[in-house]
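A quick write-up on the structure given underneath.
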Amino acid sequence: MDTVGRSNSPTPEEVGLHYASGYEARRHETGGGKLDAARTQELMRRFLPSPPALVRDVGGGPGGHPCWLAREGYEVHLVDLVPLHVELARRASEDQPNHPLASIAAADARTLPWNEGTSDAVLLGFGPLYHLTARTDRLVALREARRVLRNGGILLGVGISRFASVLDGLFRGFLDDPEFQRIVEGDLQNDQHRNPNQHSNYFMDTFFHHPDELRTEVEEAGFSVTGVFGVEGPGVWLQNLDDHWNNEKRRARMLKIASRLEEEPTLLGLSPHLVVAAQK
């Protein structure tokens, strides 16, 4: 579907510039970010092999999920395209000296630095499958993940829903802005999220998957897909979400509903993030 618009994926420099503020390290401090993190970790617990399995986190960001996995007993090797994320991940690892990450490096998802068949699981986490806006690049990254997996190894990949920005704009008032209206038209027409004026409140050039499309790409790369799962569920769009999250009973209900609805085809796109689970 990404034959319209930008044919080449953003450069590493462009991706690095977008994350230069350190936003990604703070994203999980809000109610929506905490819901995302809790549900992502729930899916990891369900699909990853038991520790001390060797996990490669490609696009591991500033280290939140990788460091959690290390504390759970996994051997975690992190790579990320953004130099700031690599440095933040290194600091996060140093902050837990009893459970450090096994390695941390800068690398591109399309050219992984590991040998064939050396991984029990690969995470294509928060970045590769949506910052690689060209379909050919995403398939290269998926095939690289498959190359470094052992037979029977597990892939968990994260995509952004095609409908994430239009729902975000609806609930946060961005749709009052004609520029944002044009951005979401592109999202809905061809999955290509374009921010031509680099508006600081809006996401950079990105690819937004339809849930069926995420499954198709992973299968085309040679994987057997277990399922595509909505991460946050409809609760992420609640007004005053932080208040709901801070209420223990409401938080438990949100998580339960998200889990119950995670594979419902008619509701998958309501979740800003999608996780695909697959096996080599």
Filter the stretch 236-256 down to residues that are surrounded by fewer than 18 Cβ atoms within 10 Å (Cβ to Cβ), in contact with a helix residue (DSSP H, G or I) (Cβ under 6 Å, 6 or more places away or on another chain) and hydrophobic (A, V, I, L, M, F, W, C), then give me how many there are. 2
Considering only the stretch 173-188, I want to know if a residue exists there that is assigned to a strand (DSSP E or B) and of a type outside the set (Val, Ile, Thr). no
A careful count of residues in the stretch 169-199 that are of a type in the set (Asp, Glu) and at pLDDT below 80 gives 1
Going through the stretch 128-147 one residue at a time, which ones are surrounded by fewer than 21 Cβ atoms within 10 Å (Cβ to Cβ), assigned to a helix (DSSP H, G or I) and hydrophobic (A, V, I, L, M, F, W, C)? LEU139, VAL140
Picking from LEU123, LEU43, the residue that is surrounded by fewer than 21 Cβ atoms within 10 Å (Cβ to Cβ) and not in a loop (DSSP other than H, G, I, E, B) would be LEU43
Options ASN115, ASN8: the member that is of a type outside the set (Asp, Glu), surrounded by fewer than 14 Cβ atoms within 10 Å (Cβ to Cβ) and farther than 30 Å from ASN151 by Cα: ASN8
Restricting the search to the stretch 25-40, which residues are modelled with pLDDT of 70 or more and surrounded by 14 or more Cβ atoms within 10 Å (Cβ to Cβ)? ARG27, HIS28, GLY31, GLY32, GLY33, LYS34, LEU35, ASP36, ALA37, ALA38, ARG39, THR40
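The values are calculated or read from the model by the stated rules, or taken from the named source; none is laboratory data. Computed from a predicted model, the values in this text were never measured in an experiment. For neighbour counting, all protein chains shown are included, and Cβ atoms are generated from backbone atoms with ideal geometry for every residue, glycine included.
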